[in-house]
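Q: Once you've had a glance at the structure underneath, I'll fire off some questions.
Only the coordinates and a few stated rules stand behind these numbers; no lab work does. What you see is a predicted model; the values in this text were computed from it and never measured. Note: ideal-geometry Cβ built from the backbone for every residue, glycine included; neighbour counts use all protein chains shown.
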Amino acid sequence: MCVIARDAVPANTIPVTIVSAPKFWQPLRVTLFDRAAARETTGTPNRCFDVVHSFSRTRRQDLYRAGGGSHADYLRRNHHALGRTIRQISPRHRILLSIERAVFADPRQKIQCSSRLVADVLVANEGVDRKRIFLIPNGVDLARFGGERHREAGLRMRAREDSQQSDGPLWLFPASGWHRKGLQALMEALAHPLASRHRIWVVGRDDVRPWKRRASALGISDRVRFLGERRDLEVIYAAVDAMVLPTRYDPFANVTIEAAAAGLPIVTSSANGAAEWLGDAMRSLKDPEDSEALASALNEFSHREQRRSAGASLARHARQFGWDRHVETLRSEYARIVASKRKRGSE
């Protein structure tokens with residue numbers, strides 16, 4: 001069974017129980033959904049579930065997916081001390097932190113983490129026993145993003161959208177929330193002499209106006225193209241030469257594994273949990289705000305043969321992250337949880 005809020009109904013492929021939750025105030029929405037999910041999964045006599053797996057912030061489950069990492073760590077990484085203090089006393093952040101503390105303190109709950117980046121923080125900062133960590137990378141749709149099936153569409157898109165058609169590499173920056181994802185550092189890197197021939201397509205959701213002004217001030221407006229939100233990333237991956245994401249914090253940026261499956265070379269930061277799964281073929285920066293180091297990393301992929309070699313290696317790595325394997329691993333974990341519950345019940 002799947003328990004979801006009323007405004008997030010999936011395709012009818014599994015039994016779905018829809019619970020009502022208000023839309024107008026997130027603290028109330030989160031609180032009431034938490035309570036409703038608990039009633040549906042643990043408080044209904046005629047329903048007995050072997051495993052309760054939560055993909056949202058709720059207090060009661062067997063397996064909790066910490067998809068966004070720790071909210072406290074998110075605040076620490078993205079806000080200075082005063083900003084963190086102000087947010088921690090707001091109703092929205094207080095309820096999120098309260099739910100997470102309850103989950104992390106409950107030894108009966110396993111914690112699903114998509115990267116060691118997240119797992120290590122939970123162990124060090126939240127006191128979670130490492131034995132409670134279930135480490136599994138996010139999956140990727142290999143049929144959609146892998147192979148050569150979108151090559152022709154990608155070439156047509158590039159001919160249409162890339163007016164310069166220069167011999168420098170064309171990079172993709174796929175993200176929403178561009179400040180956190182590192183667009184400032186990327187623009188500064190593009191203004192560096194090492195990356196003077198490089199161009200970027202920015203895909204995602206944000207207010208483009210301040211970023212266009214910043215590009216103009218840096219003198220790179222002719223090398224930065226904003227394409228907005230798109231649903232055809234598989235074609236865009238086939239149109240560009242490489243992907244760059246110097247994010248300040250990302251438990252696991254899915255675009256990383258998608259770009260790898262598409263055979264693109266990648267430059268990202270060590271603050272991107274997906275980077276730890278992809279080996280040495282990609283370039284991972286320790287300091288995502290070091291624009292000079294970023295320019296140097298971009299320059300490493302200036303030549304087509306370098307990009308082709310790195311992209312082929314990453315595509316091979318990405319094959320192990322298909323959804324079939326992901327689901328198989330999840331089922332094995334479910335079996336371990338069931339066995340553990342039975343053992344506790346017999347003691």
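Q: For region 142-321, would you read off the P(r) tail past 27 Å as a percentage of all alpha carbon pairs? Each step should come with its number before you reach the end.
A: On the way: 2597 of 16110 pairs.
Taking all Cα-Cα pairs of region 142-321, the fraction more than 27 Å apart is 16 percent.
Q: Please name which of 190, 68, 266 has its Cα lying farthest along the dipole of the chain towards the positive end, using unit charges on Cβ (Lys, Arg +1; Asp, Glu -1) and the Cα centre as origin.
A: 68
Q: Can you give me the Cα centroid spacing of region 320-347 and region 54-116 in angstrom?
A: Using only Cα atoms, the two centres lie 23 Å from each other.
Q: In what sequence do 187, 157, 282 fall when counting other Cβ within 10 Å, fewest first? Please report the intermediate quantities before stating the final value.
A: Values: 187 22, 157 19, 282 25.
Lowest to highest Cβ neighbour count: 157, 187, 282.
Q: Moving to a separate point now. Taking a 20 Å limit on the Cα-Cα distance, which of the listed pairs 23/181; 212/286; 131/286; 181/286; 110/341 fall beyond it?
A: In this structure, 23/181; 212/286; 131/286 exceed 20 Å between Cα atoms.
Q: Roughly how compact is region 162-265, stated as its Cα Rg over 2.2 N^0.38 Å to two decimals? Could you put the intermediate results ahead of the total?
A: Values: Rg = 12.8 Å, N = 104, 2.2 N^0.38 = 12.8 Å.
Rounded to two decimals, the normalised Rg is 1.00.
Q: Which value, in Å to one decimal place, does the Kirkwood hydrodynamic radius take for the chain when every pair of different Cα atoms is included? Kindly include the intermediate steps, with their values, before the conclusion.
A: Numbers: mean 1/r = 0.0455 Å⁻¹.
Radius from the Kirkwood sum: 22.0 Å.
Q: What is the magnitude of the charge dipole of the chain about its Cα centre, with +1 placed on the Cβ of each Lys and Arg, -1 on the Cβ of each Asp and Glu, and no other charges, expressed in debye to the nearest 20?
A: Working: 57 positive and 39 negative charges, 231 e Å.
Dipole magnitude for the chain comes out near 1100 debye.
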